[in-house]
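Have a look at the structure below before the remarks.
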Amino acid sequence: MKTSIVLTIAALSLFSSYGQDAKVPFNNGLSKIESGDFKGAIAAFDSVLQLEPNDAEAYTNRAFAKAMLEDYTGAMADYNRGIELDPNDADAYSNRAVAKTRLRDYKGAIDDYTKAIQLDPKNAKAYANRGNDKHELSDRDGAMLDYNKAIELDASNAATYINRGVAKNESGDNKGAMADYNKGIELDPQDPDAYINRGLTKALLKDHRGAITDYNKVIELDPKNTNAYYQRGLSKIELADKDGGCTDLSKAGEMGLLKSYDVIKKHCQAR
């Protein structure tokens, strides 16, 4: 099962109490972030820090921009300094946790999400993301508790339902997983991960026709999804549509999913 990712970087800091000289580059940095010019944002916050070298918000906003450019090591350094200057900024801990997750420091990320939750107990995304990191460390029970709390706080986040569905699959609760995938798709009908996970679950429950319908939707949304062709091929073979199944498996193989050829050797040689 593929787990959807909820990781998001929290809201930008708002301008507070700079002198006029620092206010201009600070606001310019925020505008650059909002427009997606992250290199420009970094330059703007560099200017702020030359004028206000101990400003926590400038560090955390510069870290945001670095993270968006996938410079997670650089982002970490700025988050560390921002948190040193303002240890009560819940968003800074959540954002540093994102960087730690990207660097595969899941335990460190969990610690930061825990601190963010202590500072902001209604932070649904912190619970959801901490659940993801617990899942990465095979703490399924802990992940489930966090997903449940995240949904209690915010029942509108489709990805949290999808991720909880994955955890339920892994614990053997396929019917419960189906309910979560259904809800996730209701909230976000354009997420191919939701459909492929629901399709896999339907296949586990021997509903191969329903699974094929979901795989069709995945391919509609993401025509390069090799796994959708592969799984659809398997379900077609289960329904005795050997020609259709072997065609899908061949397509998956041509797209680079080499394990398809092992299934072709088993089921398609005598076509």
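The values are calculated or read from the model by the stated rules, or taken from the named source; none is laboratory data. As the structure is a prediction and not an experimental result, all values here were calculated from the model. When we count neighbours, we look across all protein chains shown, and the Cβ atoms used for this are built from the backbone with ideal geometry, even at glycine.
Taking the criterion of being modelled with pLDDT under 90, assigned to a helix (DSSP H, G or I) and of a type in the set (Gly, Ala, Ser), the only residue of the stretch 10-50 that qualifies is 22. Considering only residues in the stretch 74-98 that are touching a Gly at 6+ places or on another chain (Cβ under 9 Å) and of a type in the set (A, V, I, L, M), the one that is nearest to residue 64 (Cα to Cα) turns out to be 92.
Within the stretch 239-250, the only residue that satisfies the criterion of being touching a residue at least 24 places away in the same chain (Cβ under 8 Å) and either hydroxyl-bearing (Ser, Thr, Tyr) or within 17 Å of residue 219 (Cα to Cα) (or both) is 246. One residue is enough: does the stretch 202-210 have a residue meeting the conditions crowded, with 20+ Cβ neighbours inside 10 Å and either among the hydroxyl-bearing types (Ser, Thr, Tyr) or within 19 Å of the chain's Cα centre (by Cα) (or both)? Checked the stretch 202-210: no residue is crowded, with 20+ Cβ neighbours inside 10 Å and either among the hydroxyl-bearing types (Ser, Thr, Tyr) or within 19 Å of the chain's Cα centre (by Cα) (or both). Could you list, in sequence order, all residues of the stretch 48-64 that are of a type outside the set (D, E, K, R) and in contact with an Asp or Glu (Cβ under 9 Å, 6 or more places away or on another chain)? The answer is 48, 49, 51, 56, 58, 59, 60, 61, 63, 64. Specify the residue that is farthest from residue 99 (Cα to Cα); the eligible residues are those in the stretch 123-144 that are part of a helix (DSSP H, G or I) and free of Cβ contacts under 8 Å to residues at least 12 places away in the same chain. If we take residues in the stretch 123-144 being part of a helix (DSSP H, G or I) and free of Cβ contacts under 8 Å to residues at least 12 places away in the same chain, then 141 is farthest from residue 99 (Cα to Cα). Among the residues making up the stretch 107-117, those that are in contact (Cβ under 8 Å) with a residue 12 or more places away in the chain and either over 15 Å from residue 95 (Cα atoms) or under 18 Å from the mean Cα position of the chain (by Cα) (or both) are 107, 109, 110, 112, 113.
Residues in the stretch 91-110 that are surrounded by fewer than 20 Cβ atoms within 10 Å (Cβ to Cβ), assigned to a helix (DSSP H, G or I) and hydrophobic (A, V, I, L, M, F, W, C): none. Restricted to the stretch 32-90, and to residues there that are β-branched (Val, Ile, Thr) and under 23 Å from the mean Cα position of the chain (by Cα), the residue that is farthest from residue 103 (Cα to Cα) is 33.
If you go through the stretch 111-128 and keep only what is crowded, with 24+ Cβ neighbours inside 10 Å and among the hydrophobic types (A, V, I, L, M, F, W, C), you end up with 116, 126, 128.
Output the number of the condition that residue 87 fails; it satisfies all remaining conditions of (1) under 21 Å from residue 126 (Cα atoms); (2) surrounded by 19 or more Cβ atoms within 10 Å (Cβ to Cβ). Only one criterion in (1) under 21 Å from residue 126 (Cα atoms); (2) surrounded by 19 or more Cβ atoms within 10 Å (Cβ to Cβ) is unmet by residue 87, namely (2).
Every condition in (1) touching a Leu at 6+ places or on another chain (Cβ under 7 Å); (2) in contact (Cβ under 8 Å) with a residue 60 or more places away in the chain is met by residue 174 except one, and the failing one is (2). A Cβ distance below 8 Å, combined with a sequence gap of six or more or placement on separate chains, defines the contacts here; from the stretch 254-271, residues that are within 13 Å of residue 229 (Cβ to Cβ) and of a type in the set (Phe, Trp, Tyr) reach no residue that is modelled with pLDDT under 95 and surrounded by fewer than 10 Cβ atoms within 10 Å (Cβ to Cβ).
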